Amino acid sequence: MDILISIGMAFLWAFWIMIPAYIPNPAAALIGGGTPVDFGKCAKDGRRILGDGKTWRGLIGGILVGVIFGLVQMVLVDYFQWDFLPKHTIITICALATGALLGDMIKSYYKRRLGKERGAKWPIADMYDMVVGSLVLMVFALLVTGNIGWFAENFDSVWFLLGTFAAILILSPLLHRGTNIIGYLLGLKDVPW
Ligand code: CTP
Ligand code: MG
């Protein structure tokens with residue numbers, strides 16, 4: 001029984017921690033458009049650097065919406081004293097939201113180098129770009145600001161930390177796929193991935 005509760009908690013924590021990283025991509029799909037981040041320029045291989053799927057409006061708007069969700073999470077945990085949830089900080093939410101879309105852009109860069117068109121499928125990369133980008137930037141931001149103790153303050157054991165990480169790896173592709181299918185059904189996305 002205890003193990004089931006621990007697994008459930010790991011998934012709850014994974015979800016709560018990753019909300020500021022999960023939001024920017026669908027938000028960018030909703031509000032994106034206009035000037036592309038690469039300003040329409042091509043790389044040496046003659047293909048676009050990033051492509052028309054990466055726009056300034058999507059990038060900045062997506063990060064802002066992700067940060068706003070994170071701020072709401074911080075207020076909720078504080079106000080209702082939800083001690084069973086991890087505590088986001090300005091650093092974690094900003095790094096997660098920014099890292100998610102940076103990871104997405106880095107993926108697009110390599111997608112274009114491989115000759116894949118905008119919106120083409122690239123299974124593993126499409127699923128984990130945002131996870132890798134957001135978590136790497138979060139750890140980096142916590143390190144350089146001297147706040148790496150955030151992990152010790154929020155996780156009472158290494159096992160629970162590893163379990164939460166595993167839950168993030170399982171949950172992320174499921175949510176990614178789920179939101180993309182919803183976006184496709186609502187006519188917001190051209191393809192269901
Ligand atoms: N979007 C945006 N700016 C971003 C990221 C996304 O405007 N920085 C918008 C674009 O309209 C994009 C949509 O969100 O088409 C879906 O994002 P995504 O699936 O990441 O882009 P793709 O169009 O699939 O392009 P790519 O092949 O480069 O991944
Ligand atoms: Mg895509």
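Residues checked against (1) within 16 Å of ligand 1 (Cβ to nearest atom); (2) free of Cβ contacts under 8 Å to residues at least 12 places away in the same chain; (3) exposed (fewer than 14 other Cβ atoms within 10 Å of the Cβ):
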{"residue": "49", "(1), (2), (3)": "yes, no, no"}
{"residue": "63", "(1), (2), (3)": "yes, no, no"}
{"residue": "86", "(1), (2), (3)": "no, no, no"}
{"residue": "114", "(1), (2), (3)": "yes, yes, yes"}
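Of all residues in the range 134-161, exactly one satisfies the criterion of being closer than 20 Å to residue 22 by Cα, open to solvent by 60 Å² or more (accessible area, probe 1.4 Å) and aliphatic (A, V, I, L, M), namely 136. Residue pairs whose Cβ atoms lie under 8 Å apart, separated by 6 or more positions or on different chains, with the first residue in the range 149-178 and touching a residue at least 12 places away in the same chain (Cβ under 8 Å) and the second open to solvent by 30 Å² or more (accessible area, probe 1.4 Å) and of a type in the set (S, T, N, Q), are 150/89; 160/6; 163/6; 176/25. Looking only at the range 65-84, which residues are among the aliphatic types (A, V, I, L, M), open to solvent by 40 Å² or more (accessible area, probe 1.4 Å) and either more than 16 Å from residue 14 (Cα to Cα) or within 16 Å of ligand 2 (Cβ to nearest atom) (or both)? Matches in the range 65-84: 65, 68, 71, 72, 75, 76. Here 119, 103 are screened, and the one residue that is within 16 Å of ligand 1 (Cβ to nearest atom) and buried (at least 20 other Cβ atoms within 10 Å of the Cβ) is 103. Here residue 126 passes the criteria (1) within 16 Å of ligand 2 (Cβ to nearest atom); (2) modelled with pLDDT of 95 or more; (3) buried (at least 18 other Cβ atoms within 10 Å of the Cβ) except the one numbered (2). Remark: residue 33 falls outside the filter, which requires a residue to be on the phi > 0 side of the Ramachandran plot and without any contact (Cβ under 8 Å) to a residue 24 or more places away in the chain.
Please work out if residue 139 is within 20 Å of residue 73 (Cα to Cα) and free of Cβ contacts under 8 Å to residues at least 24 places away in the same chain. It would help to see each step written out before you state the result.
Details: within 20 Å of residue 73 (Cα to Cα): yes; free of Cβ contacts under 8 Å to residues at least 24 places away in the same chain: yes.
Answer is yes for this residue.
Every condition in (1) within 16 Å of ligand 2 (Cβ to nearest atom); (2) in contact (Cβ under 8 Å) with a residue 24 or more places away in the chain is met by residue 7 except one, and the failing one is (1).
Taken together, 48, 57, 113 contain a single residue that is of a type in the set (Lys, Arg), touching a strand residue (DSSP E or B) at 6+ places or on another chain (Cβ under 6 Å) and away from ligand 2 (no atom under 12 Å from the Cβ), which is 48.
Summed over the range 180-193, the residues that are open to solvent by less than 90 Å² (accessible area, probe 1.4 Å) and either charged (D, E, K, R) or closer than 28 Å to residue 154 by Cα (or both) give a count of 1.
The values are calculated or read from the model by the stated rules, or taken from the named source; none is laboratory data. As the structure is a computational prediction, the values presented were derived from the model and not from experiment. FYI the Cβ positions are ideal-geometry reconstructions off the backbone, even for glycines, and counts take in every protein chain you see. Surface accessibility is based on the protein's heavy atoms, side chains included, excluding ligands, DNA and RNA. Shrake-Rupley method; radii C 1.70, N 1.55, O 1.52, S 1.80 Å.
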